Structure formats: structure tokens, C-alpha cells
Amino acid sequence: MLKPAFTGNLSISQRLNIALFCITLILSLAIPFSKDDWKNLTDPYDYLHQSKISLCDKEFYFPHVTREFDPRPFTVPLFYKLCGSNTDVIVQMQKFMLLLSAFFMAAAFMLFMEKSSAKYITIVTIYFLVSWWNVMGWATLVLSEALSTALLFCWLASFLFFYKKGTWPWWLLHVIITILFSFTRDSWPYVLISFYGGICTLWFFFKQRNLKQYGALLILSIGLFFIQQAGAKTGLRSKLPVINSIVVRVLPNPDYTAWFTQQGMPDAEKLTQNFGKIDVVPIEGQHKLWSLYDDSAYQSFLNWVVEKGQPTYTRFLLTHPSYLFLTQEPPEKLARIMSYNLFYIDEPRGYTRYVESAFPLFNVGVVIALCIMLLLIYTQRKTPILFGPVLLALFTLLNVILSYNADALEVERHLFITNVLVQLAGFWAAALIWDSLVWRKDLKN
């Protein structure tokens, strides 16, 4: 199955993938970083605290909140534990994981390419994308973003490998990566259920092979969802996102506020008066919102959020489609979805400075046009992989809707991945189009 990778019989494209992995890994490990990069953030200390809990202790997987500690899903603390909770090692590990995910993704994409030139384009553009500071910069921080991105790329690659090979070992590898990926962020289980549900539906109607294995993946995603929900409930991880969404998006709208008041939300009038017009884009607005989290003057509201906030907010989403699908959000707020190079990661460093000016290369309109071209090519070639970038674009849209509605405060940080996936879909679509349309005789693989 992986024999060519362990023999001297490597194709030029495989050698190029290995070479770029080694080169970019060396360059990325040389990028400077400092503990000052995250000294003003609270999240790193939560991850480090959880990483020091024993793996045999239930608290590692289902931790309870304390005054000094906000629990997290277990994957990031697990990787940090493997690094001995040493921040210097953690940063270098995150760089390695990003480059490993690029290697894995390039190998997966190449499985579906016929032309050597298309394979070369795919390999180079993937490493080019990972070298963007909007991707690599997060690896210099002790935060979840780098591992979440790396495991997202690995998840996509392992899915493509299983789709191509169709064997149980590849299915099992995809399952392991799916579990790790799911527990990097609380929003991913929602996306995974929707993704596998859609895949099973497509596979059923188009009579694709291995439907049972994909059905098992759907069942797995449902199980992960309920397990992660149990962990979130234990650690009160939904409390702050619900508060953020109510303050930022509900209180400015009298009709929305009235709905929540009818559902029993206390302190509505006082909340509207003091927080109804808060602008959280400036950092001062965020500081004001943070003060609400443990303000005893709003204790009734805070208790209600813990006890009934999440189910009530979920019912609100399901009964207010215009809110759910963001149709009434102001354009300046929606623009945050495409944010990149946020202040968290500071300025580009190391070799990434030489690729920075190229990004973002694709915008949403261009990617949509490329996806339409792929669909037109599909009518002639009937090659299922041509739907790949289309599904990736839909996956990205789904994540935007779910993440934006999950927490309205740090939309930029939670959705920095949007622009990354738009670039990836654009590169992938362009390579597939070239692979389909190039006319000259192909070079030997």
C-alpha cells in the first residue's frame, strides 16, 4: 500500500513532495518565537494546565471549570503533554505538524492527478499555502489554531486516501484522525455530522462503493458530538459563547431580546441598557464584555446561561433562519469572516516574508467561478474528484455559519481558517482544471 515510499522507486512528484517537506520544515523551525508572543493571552495557560493532568485521570478528558482554569477539548492538551508541556518544544512540534499535514495532503491530492505537471502544481501550491503567515504564524503561539489546522488538513487527506483506496487500514487511520480533529475545537463535531450526513446521502443516490463504511463514519461523528457535548457541559464550555452571542447579536435587536425574555431570560432590560449597543470590534468593547462574565450584578442571568442558555439559544437558531444564515448581519461585520494575519501572530517572520505578498490570491468569487468550471468539465469527463473543491467550498461555508453563530465575539480568530480554505479550494480547483485541459504529451511520472 505504501511500498513506493519505502523504496528507491520514487516518482519525480514523490521526490518533490519529500524535498519540499524537508526544505520548508528546516526553514520553519528557524522562525524565531518568544514567550512574549502569548504572554497577554489566557488560553495558553489553560492548555498547559490541562496538559499536566494525568492521562489516567478523567479530568484530563472531562475537566471541570475552576476560578483559575477554563477547560478545553483534550486533543491540544494531549499533544502538549507529549511535548512535556515545554513551550519551546510545543512551538516546534506545531510547525512540524503543519508541514506533515502539507506532505500528507499533497500525497492525497496527487492520487487523483493524471498529469505530472498538475502534480507539481499541486505540491508547490500546498507548501506555498502553508508558508503563508496566516497559517504558519499560529504555530509560533501556544494556542489551538495550529493543531486544529494541521489536523483539518490531515483529516481531508485521510478521507481522500480512504476514498481512493477503499481499504480498512485507511478507514481506521481516518477514524483516528477524525477523533483527534474533532476534539481540537467544540465547533468541529457539528461540521463533521453535517459533512458525513451529506456524503452518505450522495453516496446512496450515486451508488458509490463502501457506503457502510461511510455510514459508520456518520455514526462515529454522532457519537463524538454527544461525547463532546458532555465534556462541554461538565466544563461549562458553552457558557461564554452563549453570553457573547446574546450580547453581541441578540440585545441590539428588540424582537430577538423579547423572544429570549419570553423564554425566561432574566435581567434583559438591564443587559440591554448597559450592553445593548456595545461594539466588540475595538478591544475596549471586548474588555467591557469580559467584565460581564463574573459580574455578580448579573448573577441571575449568568445562572440562567449555565442552566438553560445553550438549549434556548439552539431553539432560537432553529426558529430564526434569517439569524442563522446571517442574512441580516451588516456587511462590515460579515467582512470579519475573511480576516487574516490577525494581531495575535504579529508580523511575518523568517522565510514566510517572501511569500506574504502573494496572499490572499483567490477571493470567493474566483473560487466559485473555478468550481463552476469543474462542474462543466464533469459533464464531459464524469470524474467524481472534480467535485472535491466544490465539497471543500461547501464545507467551508458550513463552518462559517456554525462558527459565526456559535460565538459572535472573536469571529476573526475563530474563522481565520476561512481564507485559508478558500485559497486551498482555489489551488486545488486550478490544478484539477489544468489536469483536465492540458493537451501536450505528459512527462513520465
Subject >> Positive-end extreme of charge dipole, the chain - chosen from Pro252, Phe104, Thr418 (charges on Cβ) >> reply: Phe104
Original post:
At a 1.4 Å probe, what is the % contribution of carbon and sulfur to the accessible area of the range 103-167?
Top reply: 67
Original post:
Looking at the range 374-418, what % of the alpha carbon pairs are farther apart than 14 Å?
Top reply: 57
Original post:
Stretched out fully, how many nm does the piece from Asp57 to Gln263 gain, at 0.36 nm a residue minus the Cα gap?
Top reply: 70.3 nm
**OP:** Would you mind giving the average projected area, over all directions, of the Cα convex hull of the range 292-445 in nm² with one decimal?
**Re:** 14.6
Original post:
If all Cα-Cα distances of the range 7-94 are sorted into 5 Å bins from 0 onward, what percent lands in each bin, rounded to whole numbers?
Top reply: 3, 12, 18, 16, 14, 10, 9, 8, 6, 3, 1, 0
Original post:
What do you get when you divide the Cα radius of gyration of the range 203-269 by 2.2 N^0.38 Å, with N the number of residues?
Top reply: 1.79
Original post:
Taking only protein heavy atoms and a 1.4 Å probe, what accessible area per residue, in Å², does the chain have with all protein chains in place?
Top reply: 46
Subject >> Distance (nanometres) between label positions extended 7 Å along Cα→Cβ at Phe387 and Lys270 >> reply: 5.4
Original post:
Rounded if a/c is under 1.5, else prolate if a/b beats b/c, else oblate: with a ≥ b ≥ c from the C-alpha gyration tensor eigenvalues square-rooted, which is the range 187-299?
Top reply: prolate
**OP:** Rounded, prolate or oblate: pick one for the range 158-205, where a ≥ b ≥ c are the square roots of the eigenvalues of its C-alpha gyration tensor, a/c under 1.5 means rounded, and failing that, prolate if a/b is larger than b/c, else oblate.
**Re:** oblate
**OP:** Decide, for the chain, between rounded, prolate and oblate: order the square roots of the alpha carbon gyration tensor eigenvalues as a ≥ b ≥ c, take rounded if a/c falls under 1.5, and otherwise choose prolate if a/b is larger than b/c, else oblate.
**Re:** prolate
Original post:
What is the dipole size for the chain, taken about its Cα centre, with +1 at each Lys and Arg Cβ and -1 at each Asp and Glu Cβ, in debye to the nearest 20?
Top reply: 1960
Original post:
Given a Förster distance of 22 angstrom, what is the FRET efficiency for Leu375 paired with Ile222, based on the Cβ-Cβ distance and rounded to 0.05?
Top reply: 0.15
Original post:
For the range 349-399, max minus min Cα coordinate along each principal axis, in Å, sorted largest first?
Top reply: 44, 24, 18
Original post:
Nearest 0.05, what FRET efficiency do Cys83 and Asp294 give at R0 = 30 Å with Cβ-Cβ as r?
Top reply: 0.40
Subject >> Most positive-pole-ward Cα, Cys83, Asn9, Tyr344, against dipole of the chain from beta carbon charges >> reply: Asn9
Subject >> Amide H contacts under 5 Å for Phe69, placed H, 5+ residues apart >> reply: none
Subject >> For the range 53-180, alpha-carbon Rg over 2.2 N^0.38 Å >> reply: 1.21
Subject >> Electrostatic dipole magnitude of the range 1-90 [Cβ: Lys, Arg +1; Asp, Glu -1; Cα centre; debye, to 20] >> reply: 400
Original post:
Taking +1 at the Cβ of each Lys and Arg and -1 at the Cβ of each Asp and Glu, which of Phe128, Pro44, Leu147 sits farthest along the dipole of the chain towards its positive end, judged by Cα position relative to the Cα centre?
Top reply: Phe128
Original post:
Expressed as a whole number of Å, what is the distance separating the alpha-carbon centroids of the range 266-333 and the range 225-253?
Top reply: 10
**OP:** Might you report the magnitude of the Cβ-based charge dipole of the range 69-208 about its Cα centre, with Lys and Arg at +1 and Asp and Glu at -1, to the nearest 20 debye?
**Re:** 400
Original post:
For the range 388-438, which whole percent of the accessible surface, found with a 1.4 angstrom probe, sits on carbon and sulfur atoms?
Top reply: 78
Original post:
For the Cα atoms of the chain, what angle does the longest principal axis make with the long axis of helix 12-29, in degrees from 0 to 90, nearest 10?
Top reply: 40
Subject >> For the range 288-369, fraction of C-alpha pairs farther apart than 16 Å, in % >> reply: 75
Original post:
So between Ala335 and Gln229, what do we pick up on full extension, going 0.36 nm a residue minus the alpha carbon distance?
Top reply: 35.2 nm
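The values are calculated or read from the model by the stated rules, or taken from the named source; none is laboratory data. Note that the structure is predicted; figures quoted are calculated from it, not measured. Positions of Cβ are backbone-derived with ideal geometry, glycine not excepted, and every protein chain shown enters the neighbour counts. These area figures cover heavy atoms from the full protein model, side chains too; ligands, DNA and RNA do not enter into them. Shrake-Rupley method; radii C 1.70, N 1.55, O 1.52, S 1.80 Å.
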